[in-house]
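Written below as structure tokens is the structure these notes are about.
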Amino acid sequence: MSWKNQLRSDCLPWLLESENPDVRYLALRDLLDLSPEDPKLKSARKSAHKEGPIAVILSNMEKEGYWVRPGPGYNPKYRSTVWSIILLAQLGALASEDQRIEQACKYLLDHMAEGGQFTTSTSGAPSGTVDCLQGNLCGSLMQIGYDDPRLKKAYEWMARTVTGEGIAPLEDKDAQVRYYAYKCGPTFACGVNNSLPCAWGGVKVMLAFGKIPVNQRTPLIRKAIQQGTDFFFSIDPSTAKYPTRDKSGKPSRDWWKFGFPVFYITDLLQLAEAFVSLGYGNDRRLSNTLEVIREKQNERGQWLLEFDYTGKTWLDFGRKKEPNKWVTVRALKVLKAIS
């Protein structure tokens, strides 16, 4: 079935409106299959970097390459270096289009822990590593197109944390490579989630693995992908009944609230984005999740903004419970990939 046949109405003209140059660029790039050298796409890409959200975020960057506060960049949420780079990636920003983006990526990697860990710690200690952060930043740097050998080290650390290969238990304080209080065990185990596997963090990790071309995936990364896939498909993902620290055992309602941007909280749409990118778009185990996505469109073939960060990051991306171009592009990209 063509992805357009899965829509209740054609929303492409709405997405291609000139008032949102970044959305127009993403729609041309991700939905219309234009060549990177197509004049229309090149023009849209340039406009997206010079106008709108990408330009606003870059205008707030310090010349050294950080936002708000120097260092690893986790705090303050959601305007510091970590969040600004994640947001830039989701907006389609490319290092090749603006030297400031390249500078920011270099700055981030310069403040990565020696073992390849991105960290929440202001000191840069690897003990601040956690799946959602590692996955978000590995995937964002790949998406931005920043080529640096240190990124391979970050991916290797992330893959090892999934499989447990070559990593000592967190109790082994003398081990050169070990788990920590947050990243406390294999298969997405997280101290924040009472040492249970954290599906939110796991989605970010799987999404990052999906950014690597199949022929460039090492045996370790392939093993991590398989282990992660076994975890996520151990249940029907549309139920989101993954381990939770909530005493009731009920999954967070945020799983069903599609949003933009997407930071450490995730949604079923991002889970689908991850597994579609890994080649599981037509796997029957994902079918109910894809049906949830289809059913959330309105009569105009648009998706609503249900989770947002209004007033918390550099700019806002629409009103809650109203049709949203950024969320709609996310949903359409998934449906297009499985058609």
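Of all residues in the stretch 186-220, those being in a loop (DSSP other than H, G, I, E, B), touching a residue at least 60 places away in the same chain (Cβ under 8 Å) and farther than 26 Å from Asp147 by Cα number 1. Any residue at all in the stretch 303-320 that's over 18 Å from Met206 (Cα atoms), out of contact with any helix residue (DSSP H, G or I) (no Cβ under 6 Å at 6 or more places or on another chain) and polar (S, T, N, Q)? Yes, that holds for at least one residue.
Of all the listed residues (Tyr107, Tyr25), the sole one being aromatic (Phe, Trp, Tyr), touching a helix residue (DSSP H, G or I) at 6+ places or on another chain (Cβ under 8 Å) and under 22 Å from Ala208 (Cβ atoms) is Tyr107.
Residues to consider are Thr81, Thr122; find the one that is among the β-branched types (Val, Ile, Thr), in contact with a Phe, Trp or Tyr (Cβ under 8 Å, 6 or more places away or on another chain) and surrounded by 20 or more Cβ atoms within 10 Å (Cβ to Cβ). Working first, answer last.
Values: Thr122 fails: surrounded by 20 or more Cβ atoms within 10 Å (Cβ to Cβ).
Testing whether each residue is among the β-branched types (Val, Ile, Thr), in contact with a Phe, Trp or Tyr (Cβ under 8 Å, 6 or more places away or on another chain) and surrounded by 20 or more Cβ atoms within 10 Å (Cβ to Cβ) leaves just Thr81.
Comparison of Glu114, Glu102 shows that the only residue that is out of contact with any strand residue (DSSP E or B) (no Cβ under 9 Å at 6 or more places or on another chain), in contact (Cβ under 8 Å) with a residue 12 or more places away in the chain and assigned to a helix (DSSP H, G or I) is Glu102. Considering only residues in the stretch 132-185 that are touching a residue at least 40 places away in the same chain (Cβ under 8 Å) and in contact with a Ser or Thr (Cβ under 7 Å, 6 or more places away or on another chain), the one that is nearest to His111 (Cα to Cα) turns out to be Leu133. Of the residues in the stretch 278-299, none is at pLDDT 95 or above and closer than 27 Å to Thr81 by Cα. Phe263 satisfies every condition listed in (1) of a type in the set (A, V, I, L, M, F, W, C); (2) in a helix (DSSP H, G or I); (3) surrounded by fewer than 22 Cβ atoms within 10 Å (Cβ to Cβ) except (2). Quick one: would you say Pro36 is touching a Lys or Arg at 6+ places or on another chain (Cβ under 8 Å), of a type outside the set (Val, Ile, Thr) and surrounded by fewer than 21 Cβ atoms within 10 Å (Cβ to Cβ)? Yes. Filtering the stretch 231-251 to residues that are among the polar types (S, T, N, Q) and either closer than 12 Å to Arg285 by Cα or touching a residue at least 24 places away in the same chain (Cβ under 8 Å) (or both) leaves Ser234, Ser238, Thr239, Thr244.
Exactly one residue out of Gly73, Gly52 is buried (at least 19 other Cβ atoms within 10 Å of the Cβ), under 16 Å from Lys325 (Cα atoms) and of a type outside the set (A, V, I, L, M, F, W, C), and it is Gly52. Could you list, in sequence order, the residues of the stretch 218-230 that are crowded, with 18+ Cβ neighbours inside 10 Å and farther than 17 Å from Asp283 by Cβ? The answer is Ile221, Ala224. Screening Ala168 against (1) more than 18 Å from the chain's Cα centre (by Cα); (2) crowded, with 18+ Cβ neighbours inside 10 Å leaves a single unmet condition, (2).
The values are calculated or read from the model by the stated rules, or taken from the named source; none is laboratory data. Keep in mind that what you see is a predicted model, and the values were worked out from it rather than measured. Cβ atoms come from the backbone with ideal geometry, glycine included; neighbour counts cover every protein chain shown.
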